[in-house]
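All remarks here apply to the structure that follows.
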């Protein structure tokens, strides 16, 4: 039985981008008759199937079929900012036996977890074909038993859609369970002192478990809690309560993936009984023992896995269920009472220091991203006396952010942008704060008119999606765009600033930083190391959402303060018409002082050409390349000459960025009406450039001259292009040919 059997065909109108995605899916599966169904009011699904190449004896444990029906889910309004999803169309798909699935409720399809981190972010640089190939690889690896490659460790259930966070130290809960530290001898359970702060309750339903309570200390704990309740204030209101930690007394190992978790108390009670845990009896006993359970009941279930759980030092996986109670709780809970599932977050105890700059900056700045790097630059500006700051960030402040963020734990659960602006406003209680603004939304939802209020954008997100969104707005906003990032394990910091009128553009500069590796040893070291770190397309890990990069707070502060100073200098000089790349280096050396250096690369506006045959494509030449090409035409006239273009193509923006040209190899032949490019030494030269730039910059097209000023492709040119198209589709890259006359540069691009 298929989920799609009960779906209705979609009969509405599709946005052009969604319609294009549907066509690409049909083309990939070579089936133009694929049906589009309505999933809900916001999403459509396309029903199709993968033909999975199974091992000769079938898939491991017969989990995967040779033909796997799937549903490809696409958001009607948010695609392509929101990536598609691949779901199994099989109602009988064995969710409980398969890793790398997102949590899904009973009766809902299994949803494949394809990449580490954000799928939306991954998709910003991928095509539909990339996405579908990754989905196929998921099924193939599932069939061959190779989805798990984490040293045979157990992959935990993904609770991406859970409500709130339960913050506790994993090792404490592990030791209680493994050592069978019972609150009452009769039951495999412990009572944990927990606390929920008012702000966290409203925003995230986040709460913390502090320590377990031995039975002999219960009375002392009750007295302390009673005193806290009486002394609480409106400003510092938090709720102490108890978490009940339960486990299987037989310590049986379970391999099952619990993707259908309880949603009400009856389901929770029956679910725990499967592990020999009678939660109803436990609650009655606690009530009889005068444990004052009220308002909140939190039950954490410990499940022993057959091996170490990925990301934790132990075999236990913990699931937390929360029920909201009446204040006069009697010990009995209604079967229909709703149960909330909370994901686990490790607590953080180290305190974060704030970096001071003591400089005044007055230019109006919009900061995109208020994470560890962005928050420090923001606070440098704020502490210098700047009071014209906008901050856009849709993320909330979480426990692990404390390690390197300028905010403190009192802001947990709040929106980062709002919290930072709140702190800055507290600096200036007696001054106007109308120009201190926060935007609790992605930058794609901030209107152009709002962005135009600022003179400078500072983007610290390291997000391709943010960059592409701002590039698409370049005709609607005149705000100068800068972007900063930390790379190479923190040893390199890069700050990019667009030129006037968005030329050079941000993507010009980012790719240029890669190309500069051919002449800069620090950039070369970064690019080579970055290429070596690249992982398989099926990129999996703990929770499919890594907490953060491993990097010390002072190293981030080092780069942040340098970026802040550079932006301050540029602001005071009212900028320059050109763009630039600022390179900040902090190279570690064993038992020696680190090597610290910096360098600035001035970048003139790029030369921009539209493809003559396909106006959707644009070529952007590094300044001076056009002049070099024209010089080659004049130098070799009346015979033709040519060579290759060095750069990179972006299918998302339909842009080819060109950073260098290579002249004709020595084995080339030419005449006044023809040119045949040779290859002697060329492959090694291109391979070396690709190696130095981390496999980013390389061959991207051909150029040759028409000294007789013919402005179209000859018959021989078209024959060559047809051959190149077949070769380039293997990479894939567009086929680019540039004709150079005595006074014109004429590009042609073929997809």
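Brief remarks follow.
- Put simply, of 729, 742, 723 the only residue that is in the same structural domain as residue 629 (by TED's automatic domain parsing), over 16 Å from residue 619 (Cβ atoms) and either in contact (Cβ under 8 Å) with a residue 40 or more places away in the chain or touching a strand residue (DSSP E or B) at 6+ places or on another chain (Cβ under 6 Å) (or both) is 742.
- Scan of the stretch 480-493 for residues that are surrounded by 21 or more Cβ atoms within 10 Å (Cβ to Cβ) and under 17 Å from residue 367 (Cβ atoms), ordered by number: 480, 481, 482, 483, 484, 486, 493
The rows are residues; the columns are (1) in contact with a helix residue (DSSP H, G or I) (Cβ under 8 Å, 6 or more places away or on another chain); (2) modelled with pLDDT of 95 or more.
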| site | (1), (2) |
| --- | --- |
| 653 | yes, no |
| 658 | yes, yes |
| 661 | yes, yes |
| 681 | no, no |
| 685 | no, yes |
| 700 | no, yes |
| 705 | yes, yes |
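- Test: residue in the stretch 271-290 that is touching a helix residue (DSSP H, G or I) at 6+ places or on another chain (Cβ under 9 Å), more than 18 Å from residue 246 (Cα to Cα) and surrounded by fewer than 18 Cβ atoms within 10 Å (Cβ to Cβ): yes
- Annotation note: Cβ proximity below 7 Å between a residue of the stretch 123-147 that is within 15 Å of residue 54 (Cβ to Cβ) and a residue that is at pLDDT 90 or above and not in a helix (DSSP H, G or I) (sequence gap 6+ or interchain) occurs for 136/50; 139/50; 139/68.
- Residue within the stretch 51-62 that is crowded, with 19+ Cβ neighbours inside 10 Å and either over 30 Å from residue 466 (Cα atoms) or in contact (Cβ under 8 Å) with a residue 12 or more places away in the chain (or both) present: yes
- Any chance residue 38 is in contact (Cβ under 8 Å) with a residue 12 or more places away in the chain, surrounded by fewer than 17 Cβ atoms within 10 Å (Cβ to Cβ), assigned by TED's automatic domain parsing to the domain that holds residue 136 and part of a strand (DSSP E or B): yes
The values are calculated or read from the model by the stated rules, or taken from the named source; none is laboratory data. The structure displayed is predicted, hence computed values, not measured ones. With ideal geometry, Cβ positions are generated from the backbone for all residues, glycine too; neighbour counts draw on all protein chains shown.
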